[in-house]
């Protein structure tokens, strides 16, 4: 069940953000001008590939589409815009709603830069100050690559925490754990078999996500695949230990499910699965960066996307290991096969 849920998230984000085809939504262009400047501006905006672009006949129609959430932002180019006649319009209009502020900012930035260049060309003015770019050797990756690693962490977290907590609580509720103490099977053998079987499932999860992401959505894994698996298994052990802690406190299966959800959902949205933690308010990011999933994702992204070593940032690995030790100590103290 956890594997299916993770893959559903994966296909949704892959469809929206992979390959750079309209990841920022749909842009409506209403161009009423036939001047070369207006035509070139429209062509340049389409060629960026930032938006899925459509042309509409009227400004009112485009606004209606936005009200129905079919368009993210509208660019209106008035009649005779781009003409050098004194009374011709000199401004284009960008129409947006507050919920699409990010899309509007992208269009405004592009338009401002483009029109500034056009103004300088018409006035035959040469720039005094400029920007020099130098590309380093840091591997390139896009937003979907960022999401890809986040989904790996989310899959490991959900399957391990919920899987262990709910299964162990169910065993306890059905008195299976108590019966195990009367068999020749030692406690460590039973626990070891549970942990190992779920680690095999985790390997399958990570493999499916990487294969689908690479071949279906053109994802980029720049670093060592082997190290990605190593970190994934370390993360799986961390989350399984959390699952055992939850099972040791939960009295029923329903309680274990509720406690698991209460832990995994906040981490899913705050620990950097879908967006960088740095984009959160400073007071919140300073807290959530210590959640168990956060340092694991930072390390995974460093290894997979930036070709870092596992110990490139020792603080990240240190936090993961500290969480593992803490959870294992609590689980060892509280979890008993003989509990009912």
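Each value in this text was obtained by applying a stated rule to the coordinates, not by laboratory testing. For clarity, every value in this text was computed on a predicted model and none was experimentally measured. Note: ideal-geometry Cβ built from the backbone for every residue, glycine included; neighbour counts use all protein chains shown.
Would you mind listing how long the range 25-123 runs along its three principal axes, going by Cα atoms, in whole Å with the largest first?
Principal axes ranked by extent give 40, 23, 21 Å for the Cα atoms.
Mean-square fluctuation check for the chain, GNM, Cα pairs under 10 Å: which of 327, 154, 180 is largest?
180
Could you put 32, 124 in order, starting from the residue whose Cβ has the fewest other Cβ atoms within 10 Å?
Numbers: 32 15, 124 6.
The fewest-first ordering by Cβ neighbours comes to 124, 32.
Take 109, 72 and order them by how many other Cβ atoms sit within 10 Å, fewest up front. Write down the numbers at each step before the final one.
Values: 109 10, 72 24.
So the ranking, lowest neighbour count to highest, is 109, 72.
Give me the Å³ per residue figure for the convex hull around the C-alpha atoms of the chain. Intermediate results must be reported in sequence, preceding the final value.
On the way: hull volume 58.2 nm³, N = 340.
Taking the convex hull of the Cα positions in the chain, it is 171 Å³ per residue.
For the chain, with a Gaussian network of springs between Cα atoms less than 10 Å apart, report the residue from 147, 310, 122 with the top mean-square fluctuation.
It is 122.
Highest first, please rank the peptides 243-255, 314-326 by the mean number of other Cβ atoms sitting within 10 Å of their residues. Provide the component values of the computation, followed by the final result.
Numbers: 243-255: 19.9, 314-326: 16.2.
Descending mean neighbour count gives 243-255, 314-326.
Could you compute the FRET efficiency for residue 200 and residue 175, with r as their C-beta to C-beta distance and R0 at 35 Å, rounded to 0.05? Don't skip to the end; give the middle numbers.
Working: r = 27 Å, r/R0 = 0.77.
So the FRET efficiency works out to roughly 0.85.
If the elastic network links every pair of Cα atoms under 10 Å, which of 31, 158, 40 fluctuates the most in the Gaussian network model of the chain?
Of 31, 158, 40, the Gaussian network model singles out 40 as fluctuating most.
When the Debye formula is applied to the Cα atoms of the range 206-268, each taken as the same point scatterer, what base-10 log of I(q)/I(0) results at q = 0.11, 0.18, 0.25 Å⁻¹?
Ignoring solvent entirely, the Cα scatterers give -0.41, -0.79, -1.01.
Compute the long axis of helix 2-17 from its Cα atoms, compare it with the longest principal axis of the Cα atoms of the chain, and write down the angle in degrees, 0 to 90, nearest 10.
10 degrees
Got a sec? How would 26, 182 order by Cβ neighbour count within 10 Å, fewest to most?
Final ranking by Cβ density, sparse to dense: 182, 26.
Can you give me the Kirkwood hydrodynamic radius for the range 143-334, using every pair of distinct Cα atoms, in Å to one decimal? Present the calculation step by step, with values, prior to reporting the outcome.
On the way: mean 1/r = 0.0580 Å⁻¹.
Computed over Cα pairs of the range 143-334, the Kirkwood hydrodynamic radius comes out at 17.3 Å.
By how many degrees, between 0 and 90 and to the nearest 10, does the Cα long axis of helix 314-334 differ from the longest principal axis of the chain?
The helix 314-334 is inclined about 40 degrees to the chain.
Against the longest principal axis of the chain, how steep is helix 293-306, in degrees 0 to 90 to the nearest 10, with axes from Cα atoms?
Compared with the principal axis, the helix lies near 60 degrees.
Could you calculate the FRET efficiency of residue 121 with residue 218 from 1/(1 + (r/R0)^6), where r is the beta carbon distance between them and R0 is 35 Å, rounded to 0.05? Could you put the intermediate results ahead of the total?
On the way: r = 36 Å, r/R0 = 1.04.
My answer for the efficiency is 0.45.
Applying 1/(1 + (r/R0)^6) with R0 = 45 Å to the Cβ-Cβ distance of residue 325 and residue 36, what FRET efficiency is obtained, to the nearest 0.05?
On the way: r = 68 Å, r/R0 = 1.50.
Here the calculated transfer efficiency is 0.10.
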